Amino acid sequence: MPIVNRVADLHPEIQAWRRDLHEHPELLYDVHRTAAFVADRLREFGCDEVATGLGKTGVVGVIKGRKAATNGEVKVIGLRADMDALPIEERTNLPYASKTKGMMHACGHDGHTAMLLGAARYLAETRNFAGNAVVIFQPAEEGGAGAAAMIKDGLMERFGIEQVYGMHNGPGIPIGSFAIRTGPIMAATDAIDIRIEGHGGHAARPHKCIDSVMVGAQLVTALQQIVSRNVDPLESAVISMCEFHAGNARNVIPQTAELHGTVRTLTPEVRDLVERRVREVVAGVAQITGARIDLTYERGYPVTVNHTAQTEQAISIAKQVVGEGNVHETPPLMGAEDFAYMLEARPGAFIFCGNGDSAGLHHPAYNFNDEAILYGTSYWIKLVENTLAA
């Protein structure tokens with residue numbers, strides 16, 4: 001049941017990698033130092049192949065098992081970690097805090113990368129499996145769709161990946177625990193950008209104006225009614241309008257206003273419904289107010305959907321690592337994850353590894369808990385050895 005003994009031996013080194021990456025965060029596809037760090041480690045471990053430049057700056061390592069499959073076929077499993085950080089000013093006061101102003105690893109991708117490197121080292125040393133383990137280090141998870149870029153560059157076909165697995169740390173989930181579910185586990189995310197063109201004028205003469213602030217306020221209220229009055233109460237959807245920019249004087253009705261927000265859904269049907277209703281609501285408000293309203297509705301990451309057989313395998317492996325009582329079923333989360341693209345391309349599963357009582361993801365006080373390394377790295381190792389058993 002417990003963690004892999006060799007992982008405990010490697011823990012100080014994996015932690016050192018993690019903290020080095022934390023000190024040097026990079027954004028989106030500009031993860032050149034991180035990618036070079038990963039590629040150098042994979043070569044040192046003796047991976048059979050190390051490929052760089054997939055999806056611009058992605059890195060892939062191939063580790064071949066020393067056993068032969070009983071039927072002669074070569075099975076291939078993909079394991080994915082993300083490498084990019086966030087444009088957030090760190091507020092942790094840690095000795096290894098970010099050295100780059102305005103950037104930090106506020107989502108734990110430094111930990112994800114380090115854990116998968118630790119697993120790669122162990123797997124390259126032991127090769128106690130039949131088939132190929134493909135370790136995938138992806139750029140631009142935080143809004144850049146790096147997973148889609150790697151897939152477009154032939155990730156799945158080039159390395160013959162048959163199934164693929166991902167992992168993310170989970171603040172609030174106890175250390176030594178995992179959380180997972182079959183089916184939708186994280187939401188699709190779409191972007192709403194609205195520009196209102198009214199007719200500005202003096203605040204004392206509103207009847208001579210088309211008030212862009214009032215129009216925007218009507219839009220915010222009307223958009224919220226989509227979820228409360230159009231979406232089945234047994235389904236899930238979120239519309240959050242998070243930016244409202246208008247005016248610069250207390251006695252001037254502004255000519256224009258801009259609104260920006262996000263939509264989260266868990267099924268294609270609800271996603272289509274919400275987009276249609278957003279467009280209808282915007283058109284309706286424009287008609288009744290006389291304002292010109294330009295809407296840009298952009299679809300982002302799809303729903304992250306765990307496949308049944310692979311989720312059952314992930315649950316079984318997690319229980320081997322932490323015990324049956326420490327593997328929990330999580331409700332779907334309305335956050336988004338671009339591992340969804342990989343799960344559209346191949347069957348697989350996405351799991352959360354406990355980060356303990358830490359600050360939340362994307363918070364300036366967040367820090368990846370190095371105690372989680374033992375469990376996440378052991379999960380990767382046992383997943384390969386069990387899935388690719390001879």
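A few comments on the model shown:
- Counted residues, segment 194-249 - those being among the hydrophobic types (A, V, I, L, M, F, W, C) and open to solvent by 70 Å² or more (accessible area, probe 1.4 Å): 5
- Qualifying residues in segment 263-282 (those that are among the β-branched types (Val, Ile, Thr) and closer than 18 Å to LEU234 by Cα) - the one surrounded by the fewest Cβ atoms within 10 Å (Cβ to Cβ): THR267
- Condition check for GLY166: surrounded by fewer than 18 Cβ atoms within 10 Å (Cβ to Cβ) and not in a helix (DSSP H, G or I): no
- Residues (in contact with a strand residue (DSSP E or B) (Cβ under 6 Å, 6 or more places away or on another chain) and of a type in the set (S, T, N, Q)) located in segment 330-379: THR330, ASN355
- For segment 41-123, the strands (runs of 3 or more DSSP E) that sit wholly inside it and include 1 or more residues that are free of Cβ contacts under 8 Å to residues at least 60 places away in the same chain and open to solvent by 10 Å² or more (accessible area, probe 1.4 Å) are 49-54.
- Qualifying residues in segment 4-40 (those that are acidic (Asp, Glu), within 17 Å of PHE368 (Cβ to Cβ) and under 24 Å from the mean Cα position of the chain (by Cα)) - the one surrounded by the fewest Cβ atoms within 10 Å (Cβ to Cβ): ASP20
- For GLU344, the requirement of being within 24 Å of TYR301 (Cβ to Cβ), without any contact (Cβ under 8 Å) to a residue 60 or more places away in the chain and open to solvent by 40 Å² or more (accessible area, probe 1.4 Å) is met.
- Any hit, segment 111-118, residues being more than 28 Å from ASN5 (Cβ to Cβ) and under 18 Å from the mean Cα position of the chain (by Cα): no
- Among residues of segment 204-224 that are closer than 13 Å to VAL285 by Cα, those with a beta-carbon under 9 Å from a residue that is open to solvent by 80 Å² or more (accessible area, probe 1.4 Å) and assigned to a helix (DSSP H, G or I) at least six positions away or on a different chain give the pairs GLN218/ILE288.
- For the condition open to solvent by less than 10 Å² (accessible area, probe 1.4 Å), modelled with pLDDT of 95 or more and more than 27 Å from GLU324 (Cα to Cα), ILE151 does not qualify.
- Filter pass, THR387 being within 16 Å of VAL321 (Cβ to Cβ), open to solvent by less than 10 Å² (accessible area, probe 1.4 Å) and at pLDDT 95 or above: no
- Which listed residue, of SER378, SER358, is open to solvent by 10 Å² or more (accessible area, probe 1.4 Å), farther than 12 Å from LEU79 by Cα and among the small types (Gly, Ala, Ser): SER358
- With respect to being surrounded by fewer than 23 Cβ atoms within 10 Å (Cβ to Cβ), without any contact (Cβ under 8 Å) to a residue 60 or more places away in the chain and under 19 Å from ASP82 (Cα atoms), GLU324 falls outside the description.
The values are calculated or read from the model by the stated rules, or taken from the named source; none is laboratory data. What you see is a predicted model, and the numbers here were worked out from it, not measured in a lab. Because the Cβ atoms are built from the backbone with ideal geometry, glycine has one as well, and the counts that use them run over all protein chains shown. Remember, those area values only see protein heavy atoms, side chains included, never the ligands or the DNA or RNA. Shrake-Rupley method; radii C 1.70, N 1.55, O 1.52, S 1.80 Å.
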